[in-house]
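The values are calculated or read from the model by the stated rules, or taken from the named source; none is laboratory data. All values reported here derive from a predicted model rather than from experimental measurement. Methodologically, a virtual Cβ is constructed for each residue, glycine included, from the backbone with ideal geometry; neighbour enumeration extends over all protein chains shown.
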Amino acid sequence: MEYTNNKYFVIDFDSTFTKVEALDVLGEIALEGKADKTERLKEIKEITDEGMNGSLTFRESLVKRLEILDAHQKHLPKLVDELKKQVSKSFQRNKEFFKNYKDKIFIISNGFKDFIVPIVNEYHIKTENVYANSFEFDKSGNITGFDQNNALSVNGGKAKQLKDLDLQGDVYVIGDGYTDYEIKAAGMANKFYAFTENVKRDNVLEKADHIAPSLDEFLYLNKMNTAISYPKNRINVLLLENIHPHAVEVLKEEGYNVEVYPAGLDENELCEKIKGVSILGIRSKTQVTAKVLENADRLISVGAFCIGTNQVDLEACLKKGVAVFNAPFSNTRSVVEMAIAEIIVLYRGLFDRATAMHDGQWNKSASGSYEIRGKNLGIVGYGNIGAQLSVVAEALGLNVYYYDIQEKLALGNAKKCATLKELLSSVDIVTLHVDGRKENKNMIGEREFQWMKDGMIFINLSRGHVVDIEALQKNIDEGKIVGTAIDVFPQEPKSNSEEFISKLRGSKNTILTPHIGGSTQEAQENIAEFVPNKIMDYINTGSTSNSVNFPNLQLPALENAHRLIHIHHNVPGILAQINQVLADHEINIVGQYLKTNEVIGYVITDIDKAYDRELIKALRSIDHTVKFRVLY
């Protein structure tokens, strides 16, 4: 082939073009219904790994696997169908690359043409550019072996195949296995990129010129057009406070570089840790302050994996162009169930009775034990949790009263109280479900306790600082409060290894829990799904739906255009300047969306694909620009 100054791309198939090893999948299909399926599949995988890491010759690996497979020609169409679903995500989104370079892309694989060709053809790769093994069949269609004269059936076969091709130009190899590195080692390639989107092999990584966690990264490094603006693996995510593993899976699946830290961080620790981080995930302990944000050199978004956001300086985030998302509904049911459970437990005195039983005390008595039916429940804060608690409590026979500073429609037969004093003096049980705004600090103190009846049940599942703990302790000791359940505290340990200290420890008929009102598997999984998806939607499309600090914009899908995202201080004339810059560069606007609040303006402009770098430079240079980015 007589090419000069050309680039060629040699790509592996198994675990690179697809997420899986094809023979492993074929094993799943061929061995279906066999009694020893599990054992055989495990053996196949072990042999595959031995062949990939170089501890077994490839031919030995291939012969052994085919013997175990017991496969037939009829299994191949089903295999192809399955493999089409398993094409690596970054390959799927970069179909344009394969189309543009179809003459320069070669699939060189130790796999088999029988299933490779139908897959890669759909990505514009020519059949004649696929070099792989071929199955051999007996008269009945059973797979009996492979063409042993094919160079790709032995170790070093990829390098030999490439040598025979004699490509005149720069050769870049993308693969996940040792056999891909051997091409570079034999001098047949300029660079070897270890592809790690699906599997990481340490002995391969240490040999690579570059590590490519995705095809996007390879294209970005080589200054080639990609389907996305910036490789996701270069976007660093920091998740603190034992955020549910599902969130980690969701973000890693998207391709982000995710670091997990089990505890909260104090301000100085976070100031250091936040550097280089684009997405920060927290729960309730970590404070995202203005000082932290000053050190956040790349921060795009903060995810609060909980309901409240008072631990985040929303105004400072807004001024820095950082969108904040939370999970306002995801753990509502969990908190409601815990409140109901604690009301019942406290009215029956079950906590103290159970503790006494563990100490060997048998105290069978109805003294101090009551049903909850007919009691008056006072709900302070009639938001998502308070309103749902109202419905469930009424169904159990409680009379429901509520108080909220905002006008809220009563559900069922709930009665609205005009003042907090009216509610506290009318009920037998009070449960707090307010937010953590600073105005709510010590909203329940000595004065409020004196408004209550004697013999009250008191529950706080909202925020620790809304209750004066010393006043609560005094009223427990004096007998005004006869049952208490507290889940949140003014000072909480940063991690599970730190001691919990509180004056409430040891109090009679008092349930103390470690901020777990929303900590059920269902709630944490819901949050772990909801928050990352909101953040990813913001990064991928610019949509700010459900952001707690940004102007909310729900945007249509981007098709055949670039999306320009411009965040600026809310001063007059910015939109006019943006459009003037676009006009000066003769850019056609496909769609434009604007929303503002008192601090920032958020402008989304979709343009057709023709633009130059000077346009981007000009838009970044507009006065009062806070952040600017481009989406493909």
Review point. Considering only segment 21-40, how many residues are crowded, with 18+ Cβ neighbours inside 10 Å and outside any helix (DSSP H, G or I)?
Key: 2
Exercise for review: Mind listing just one residue for me: the one in segment 385-400 that is buried (at least 18 other Cβ atoms within 10 Å of the Cβ) and not hydrophobic (A, V, I, L, M, F, W, C) and, of those, farthest from Lys453 (Cα to Cα)?
Suggested key: Gln388
Review point. Assuming Asn198 fulfils every condition listed in (1) surrounded by 16 or more Cβ atoms within 10 Å (Cβ to Cβ); (2) within 30 Å of Asp266 (Cα to Cα) apart from one, which condition is it?
Key: (2)
**Study point:** Single residue of segment 401-419 satisfying the filter (surrounded by 20 or more Cβ atoms within 10 Å (Cβ to Cβ) and touching a Lys or Arg at 6+ places or on another chain (Cβ under 7 Å)) that is farthest from Glu371 (Cα to Cα)
**Key:** Tyr402
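For a quick check of your reading: which helices (runs of 4 or more DSSP H) sit entirely within segment 251-343 and have at least 3 residues that are of a type in the set (D, E, K, R)?
Helices (runs of 4 or more DSSP H) meeting the threshold: 267-273.
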Exercise for review: Out of Glu241, Glu259, Glu249, report the one residue that is farther than 30 Å from Lys19 by Cα and acidic (Asp, Glu).
Suggested key: Glu241
Practice item. Report, by residue number, each residue of segment 167-206 that is basic (Lys, Arg) and touching a strand residue (DSSP E or B) at 6+ places or on another chain (Cβ under 7 Å). Key: Lys184, Lys191
Review point. What is the one condition in (1) at positive phi; (2) of a type outside the set (A, V, I, L, M); (3) without any contact (Cβ under 8 Å) to a residue 24 or more places away in the chain that Asn588 does not satisfy?
Key: (1)
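Quick one: count up the residues across segment 566-585 that are hydrophobic (A, V, I, L, M, F, W, C) and either in the same structural domain as Gly321 (by TED's automatic domain parsing) or without any contact (Cβ under 8 Å) to a residue 24 or more places away in the chain (or both).
Initial filter on segment 566-585 (hydrophobic (A, V, I, L, M, F, W, C)): 567, 571, 574-576, 578, 581-583.
Those left that are additionally either in the same structural domain as Gly321 (by TED's automatic domain parsing) or without any contact (Cβ under 8 Å) to a residue 24 or more places away in the chain (or both): 576, 583.
Within segment 566-585, residues that are hydrophobic (A, V, I, L, M, F, W, C) and either in the same structural domain as Gly321 (by TED's automatic domain parsing) or without any contact (Cβ under 8 Å) to a residue 24 or more places away in the chain (or both) number 2.
Across segment 97-110, which residue is surrounded by the fewest Cβ atoms within 10 Å (Cβ to Cβ) among those that are within 18 Å of Glu197 (Cβ to Cβ) and not small (Gly, Ala, Ser)? So that I can check it myself, show each step before the final result.
Taking segment 97-110 and keeping what is within 18 Å of Glu197 (Cβ to Cβ), we get 97-98, 105, 107, 109.
Right, trim to not small (Gly, Ala, Ser) and you get 97-98, 105, 107.
Values: Phe97: 23, Phe98: 19, Ile105: 22, Ile107: 25.
Top of the filtered list is Phe98.
Residues checked against (1) free of Cβ contacts under 8 Å to residues at least 40 places away in the same chain; (2) in contact with a Lys or Arg (Cβ under 9 Å, 6 or more places away or on another chain); (3) in the same structural domain as Phe91 (by TED's automatic domain parsing); (4) not in a loop (DSSP other than H, G, I, E, B):
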{"site": "Asn110", "(1), (2), (3), (4)": "no, yes, yes, yes"}
{"site": "Glu136", "(1), (2), (3), (4)": "yes, no, yes, yes"}
{"site": "Gly145", "(1), (2), (3), (4)": "no, no, yes, yes"}
{"site": "Asn155", "(1), (2), (3), (4)": "no, yes, yes, no"}
{"site": "Lys163", "(1), (2), (3), (4)": "yes, no, yes, yes"}
{"site": "Gln168", "(1), (2), (3), (4)": "no, no, yes, no"}
{"site": "Val171", "(1), (2), (3), (4)": "no, yes, yes, yes"}
{"site": "Thr179", "(1), (2), (3), (4)": "no, yes, yes, yes"}
{"site": "Ile183", "(1), (2), (3), (4)": "no, yes, yes, yes"}
Practice item. Kindly list the number of the only condition in (1) crowded, with 17+ Cβ neighbours inside 10 Å; (2) in contact with a Phe, Trp or Tyr (Cβ under 9 Å, 6 or more places away or on another chain); (3) outside any loop (DSSP other than H, G, I, E, B) that fails for Val248. Key: (2)
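To keep it simple, each residue is scored yes or no on (1) more than 24 Å from Ile235 (Cα to Cα); (2) assigned to a loop (DSSP other than H, G, I, E, B); (3) of a type outside the set (A, V, I, L, M); (4) in the same structural domain as Val571 (by TED's automatic domain parsing).
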position	(1), (2), (3), (4)
Leu594	yes, no, no, yes
Glu598	yes, yes, yes, yes
Gly601	yes, no, yes, yes
Ile604	no, no, no, yes
Lys617	no, no, yes, yes
Asp623	yes, yes, yes, yes
Val626	no, no, no, yes
Exercise for review: For segment 577-611, enumerate the residues that are surrounded by fewer than 17 Cβ atoms within 10 Å (Cβ to Cβ), acidic (Asp, Glu) and under 22 Å from Phe550 (Cα atoms).
Suggested key: Glu598
Exercise for review: Spot the failing condition for Ala304; the list is (1) within 20 Å of Ser462 (Cβ to Cβ); (2) surrounded by fewer than 22 Cβ atoms within 10 Å (Cβ to Cβ), and only one is missed.
Suggested key: (2)
Revision key, fill the gap. Selection from segment 41-85 of residues within 38 Å of the chain's Cα centre (by Cα), surrounded by 18 or more Cβ atoms within 10 Å (Cβ to Cβ) and not hydrophobic (A, V, I, L, M, F, W, C) yields Thr48, Gly51, Ser61, Arg65, His75
Practice item. Only one of these is at pLDDT below 95 and closer than 30 Å to Glu294 by Cβ: Ala354, Ala327, Ala366. Name it. Key: Ala327
Check your understanding: Which one is nearest to Ile516 (Cα to Cα), of the residues in segment 201-229 that are without any contact (Cβ under 8 Å) to a residue 24 or more places away in the chain and outside any helix (DSSP H, G or I)?
Key -> Ile211
Check your understanding: Which numbered condition trips up Asn546, out of (1) surrounded by 18 or more Cβ atoms within 10 Å (Cβ to Cβ); (2) in contact with a Pro (Cβ under 9 Å, 6 or more places away or on another chain); (3) outside the structural domain of Lys319 (by TED's automatic domain parsing)?
Key -> (3)
Check your understanding: Just a yes or no: is a residue in segment 367-374 in contact (Cβ under 8 Å) with a residue 24 or more places away in the chain, out of contact with any Ser or Thr (no Cβ under 6 Å at 6 or more places or on another chain) and buried (at least 18 other Cβ atoms within 10 Å of the Cβ)?
Key -> yes
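Criterion first (surrounded by fewer than 22 Cβ atoms within 10 Å (Cβ to Cβ) and in contact with a helix residue (DSSP H, G or I) (Cβ under 8 Å, 6 or more places away or on another chain)) does Ser330 satisfy it? Let's see the steps before the verdict.
Details: surrounded by fewer than 22 Cβ atoms within 10 Å (Cβ to Cβ): no; in contact with a helix residue (DSSP H, G or I) (Cβ under 8 Å, 6 or more places away or on another chain): yes.
No: the conditions fail for Ser330.
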Practice item. Quick one: which residue in Phe106, Phe98, Phe115 is of a type in the set (Phe, Trp, Tyr), assigned to a helix (DSSP H, G or I), out of contact with any Ser or Thr (no Cβ under 7 Å at 6 or more places or on another chain) and more than 20 Å from Phe146 (Cα to Cα)? Key: Phe98
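A quick yes/no check of all residues on (1) in contact (Cβ under 8 Å) with a residue 24 or more places away in the chain; (2) among the charged types (D, E, K, R):
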| site | (1), (2) |
| --- | --- |
| Ala30 | yes, no |
| Lys37 | no, yes |
| Glu67 | no, yes |
| Lys99 | yes, yes |
| Pro118 | yes, no |
